[in-house]
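Here is the structure we will look at, set down as structure tokens.
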Amino acid sequence: MSRIALVTGGSRGIGAAISKALKDAGYTVAATYAGNDEKAAAFTAETGIKTYKWNVADYDECAAGIAKVEADLGPIDVLVNNAGITRDAPFHKMTREQWQEVMDTNLSGLFNMTHPIWPGMRERKFGRIISISSINGQKGQFGQANYSAAKAGDLGFTKALAQEGARAGITVNAICPGYIATEMVMAVPEKVRESIIGQIPVGRLGEAEEIARCVVFLASDEAGFITGSTITANGGQYFV
């Protein structure tokens, strides 16, 4: 029986690439989404990957959704915390709502998703928690005090939880993508995109599939000695 993987925000962008790569690697995959029913249905039709709708910012929705996935597919072995939002604004114009929405999804979402799954992983003595942080959680970014703080918090969460999971056979790692050629990035004006590429030593945007391959590796048995780590995948734009 194949292992079960759950990918939040797993029907679009980087998340979709992760879901597909895990399925291709032999996992049974479930993907969550927050709002776009049409795109989620199209993703399932294309890939055969089941999608489930809930808001990772709501603990009770996460607990109920996880229970539904496990009833449908079996105990979750691999959790990929990928769901995230932006509410960008210079700090002097940032509202409490913009701050809180990003924190609730991008940071508290990791707790909300991981906490209900953690006891089962400890009991079974196996688990893989992989969280998608960001280059901007490492270096900061103008207009993203909320996003950068949340994504930096993801890394602290990863390092602390890795120490708790190690003896139980659970690894906890993070990936910090740089600028990836997703729909969102490709939608920005060409001059802005060229400016971004000019800051990347390899001279191009990353591909979602490149992040997905990092996830597949960290989810594997072969990565069992790697925990509390961050894979920096940004084309040389920022070194840690």
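Throughout, read-outs are computed from the coordinates displayed, never taken from laboratory work. These numbers were taken from a predicted model, which means no experiment stands behind them. With ideal geometry, Cβ positions are generated from the backbone for all residues, glycine too; neighbour counts draw on all protein chains shown.
A full extension of the chain between ALA181 and ARG193 corresponds to an added length of 3.3 nm, given 0.36 nm per residue minus the alpha carbon distance. For segment 220-228, the Karplus equation 6.51 cos²θ - 1.76 cosθ + 1.60, evaluated at θ = phi - 60°, returns couplings of 7, 4, 5, 9, x, 9, 10, 8, x Hz by residue, with Gly and Pro reported as x.
Report the extension gain between LEU73 and HIS92 in nm, rounded to one decimal, defined as 0.36 nm multiplied by the number of residues separating them, less their alpha carbon distance. Walk me through the numbers before you get to the answer.
On the way: separation 19, 0.36 × 19 = 6.84 nm, distance 4.66 nm.
Taking 0.36 nm per residue and subtracting the Cα distance, the gain is 2.2 nm.
Using a cutoff of 8 angstrom between alpha carbon atoms and counting only pairs six or more residues apart, the relative contact order for segment 138-240 works out to 37 percent.
When each of the peptides 25-34, 189-198, 127-136 is scored by the mean number of other C-beta atoms lying within 10 Å of its residues, the order from highest to lowest reads 127-136, 25-34, 189-198.
Any chance you could tell me what percent of the C-alpha pair distances in segment 66-183 go past 26 Å? All intermediate terms of the calculation are to be shown ahead of the outcome.
Details: 1786 of 6903 pairs.
Percentage above 26 Å: 26.
What is the sum of charges around SER11, taking Lys and Arg as +1, Asp and Glu as -1, for the other residues whose C-beta is under 11 Å from the C-beta of SER11? Kindly include the intermediate steps, with their values, before the conclusion.
Details: positive: ARG12, LYS20, LYS39, LYS50, LYS53; negative: ASP37, GLU38, GLU46.
Once all neighbours under 11 Å are counted, the net charge is +2.
Residue pairs exceeding 32 angstrom between C-alpha atoms, taken from LYS20/LYS68; LYS125/LYS151; LYS93/LYS191; LYS50/LYS139; LYS23/LYS191; LYS53/LYS191: LYS50/LYS139; LYS23/LYS191; LYS53/LYS191.
Length gain on complete extension for the stretch ALA41 to ALA168, per 0.36 nm per residue less the alpha carbon to alpha carbon distance?
On the way: separation 127, 0.36 × 127 = 45.72 nm, distance 3.65 nm.
Working it through step by step, the gained length comes to 42.1 nm.
Relative to the longest principal axis of the Cα atoms of the chain, helix 96-106 runs at roughly 40 degrees. For the chain, the relative contact order is 20 percent, taking Cα pairs closer than 8 Å that sit 6 or more residues apart in sequence and dividing their mean separation by the residue count. For the chain, the longest principal axis of the alpha carbon atoms and the long axis of helix 108-124 meet at an angle near 30°. Placing dummy labels 7 Å off each Cα toward the beta-carbon, the span from SER2 to TYR59 is 3.3 nm. Legend: P(r) of segment 1-95 from all alpha carbon pair distances, 5 Å bins from 0, whole percents, reading 3, 14, 25, 23, 16, 8, 5, 4, 2, 1, 0. Across segment 26-41, rounded Karplus estimates of 3J(HN,Hα) from the backbone phi angles (6.51 cos²θ - 1.76 cosθ + 1.60, θ = phi - 60°) give x, 7, 8, 10, 10, 10, 9, 8, 9, x, 8, 4, 5, 5, 5, 5 Hz, Gly and Pro being marked x. Estimated from helices alone, the mean residue ellipticity of the chain at 222 nm is -15000 deg cm²/dmol (sum of -39500 (n - 2.57) over DSSP H runs with n ≥ 4, per residue).
When each of LEU205, LEU79 is scored by the number of other beta-carbon atoms lying within 10 Å, the sequence from fewest to most is LEU205, LEU79. Cβ crowding within 10 Å ranks CYS62, CYS176 as CYS62, CYS176, fewest other Cβ atoms first.
Which percentage, to the nearest 5, of the DSSP beta bridges contained in the chain is antiparallel? Show your work: numbers first, answer last.
Numbers: 0 of 26 bridges.
Antiparallel bridges: around 0 percent, rounded to the nearest 5.
How high is the relative contact order of segment 1-119, in percent, with contacts defined as C-alpha pairs under 8 Å that are six or more residues apart? RCO, segment 1-119: 28 percent. In the chain, the alpha-carbon atoms span a convex hull of 126 Å³ per residue.
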